[in-house]
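Peer 1: I have a structure I would like to understand better, so I am pasting it below and will then ask my questions one at a time.
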Amino acid sequence: MVKDGPAEKAGLKSGDIILEFNGRAIHEMNELPRMVAATPVEKKVNVKILREGKPVDLSINVERLKDGEDGDQAGVSQEKLGITVRELSKDLAAKLGIKEQKGVVITDVKPESSAEQTGIAKGDIIREINGSKINSVGDYEKAVNGHKKGAIMRMLLRRGDMSLFVAFRID
């Protein structure tokens with residue numbers, strides 16, 4: 001969450017799970033950004049969240065993100081892989097507690113996706129996909145595009161001080 005950003009000002013806290021936005025249930029994590037983007041700025045909406053296991057209702061004003069406030073939300077999402085990635089920067093590395101400052105980092109993993117079931121985690125750095133070196137989001141997109149549902153994806157990941165290979169079938 002962006003410090004002093006619209007979500008924090010609205011009363012949302014890290015760890016909150018958004019269940020409903022403006023009366024509409026959230027079923028998939030990629031639905032919320034679209035709903036927010038389609039809502040006029042300054043409109044007051046009701047948001048139902050789950051905080052520490054308890055439902056909480058909030059009334060918030062939708063605000064526009066200022067330039068440079070996209071935080072971890074900006075990234076390249078790959079629905080078929082079930083992950084969102086972002087180019088690693090010094091600031092993002094510091095936020096995620098990662099020593100490395102170059103490469104492509106996983107910023108989100110879709111629940112119940114093949115990627116999650118394989119053990120891929122937020123903060124993992126992608127080094128290779130199917131033998132292709134990954135140094136930028138462009139490298140990542142090139143390596144992923146063209147693979148169809150059911151294909152096997154093999155990744156070399158860096159997690160902390162260790163490297164690991166994972167393989168999974170594309171959903």
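Peer 1: Do the conditions hold for ARG24, that is, is it over 22 Å from VAL109 (Cα atoms) and within 22 Å of the chain's Cα centre (by Cα)? Walk me through how you get there before you give the answer.
Peer 2: Details: over 22 Å from VAL109 (Cα atoms): yes; within 22 Å of the chain's Cα centre (by Cα): yes.
When the stated conditions are applied, ARG24 passes them.
Peer 1: Any residue in the stretch 134-161 that is more than 15 Å from THR84 (Cα to Cα) sitting within a Cβ distance under 6 Å of a residue that is among the aliphatic types (A, V, I, L, M) and in a strand (DSSP E or B)? List the pairs, counting only those 6 or more apart or interchain.
Peer 2: Filtered contacts from the stretch 134-161: ILE152/ALA167; ARG154/ALA167; ARG158/ILE125.
Peer 1: Looking only at the stretch 120-171, count every residue that is touching a Ser or Thr at 6+ places or on another chain (Cβ under 9 Å), farther than 23 Å from ALA94 by Cβ and exposed (fewer than 14 other Cβ atoms within 10 Å of the Cβ) and tell me the total.
Peer 2: Residues that pass the stated criteria total 3.
Peer 1: Would you kindly identify the helices (runs of 4 or more DSSP H) lying entirely within the stretch 71-147 that contain at least 2 residues that are under 22 Å from ILE26 (Cα atoms) and at pLDDT 80 or above? Write out each step before concluding.
Peer 2: Working: elements: 90-96, 114-118, 137-144.
By residue number, 114-118.
Peer 1: Quick check on my filter: what residues within the stretch 148-171 are of a type in the set (Gly, Ala, Ser), under 21 Å from the mean Cα position of the chain (by Cα) and either modelled with pLDDT of 90 or more or part of a strand (DSSP E or B) (or both)? Show your work before the answer.
Peer 2: Just the residues of the stretch 148-171 that are of a type in the set (Gly, Ala, Ser), to begin with: 150-151, 160, 163, 167.
Okay, now just the ones that are also under 21 Å from the mean Cα position of the chain (by Cα), so 160, 167.
Passing the criteria: only ALA167.
Peer 1: Looking only at the stretch 128-171, filter to residues that are touching a helix residue (DSSP H, G or I) at 6+ places or on another chain (Cβ under 8 Å) and among the polar types (S, T, N, Q); which one of those is nearest to LYS102 (Cα to Cα)?
Peer 2: SER132
Peer 1: Determine the pairs where a residue that is more than 20 Å from HIS147 (Cα to Cα), located within the stretch 107-131, has a partner that is surrounded by fewer than 20 Cβ atoms within 10 Å (Cβ to Cβ) and polar (S, T, N, Q) with Cβ atoms under 8 Å apart, the partner being 6 or more residues away or on another chain.
Peer 2: So the pair list comes out as ASP108/SER77.
The values are calculated or read from the model by the stated rules, or taken from the named source; none is laboratory data. Computed from a predicted structure; not experimentally measured. Using ideal geometry, Cβ is built from the backbone for each residue, glycine included, and neighbour counts are taken over all protein chains shown.
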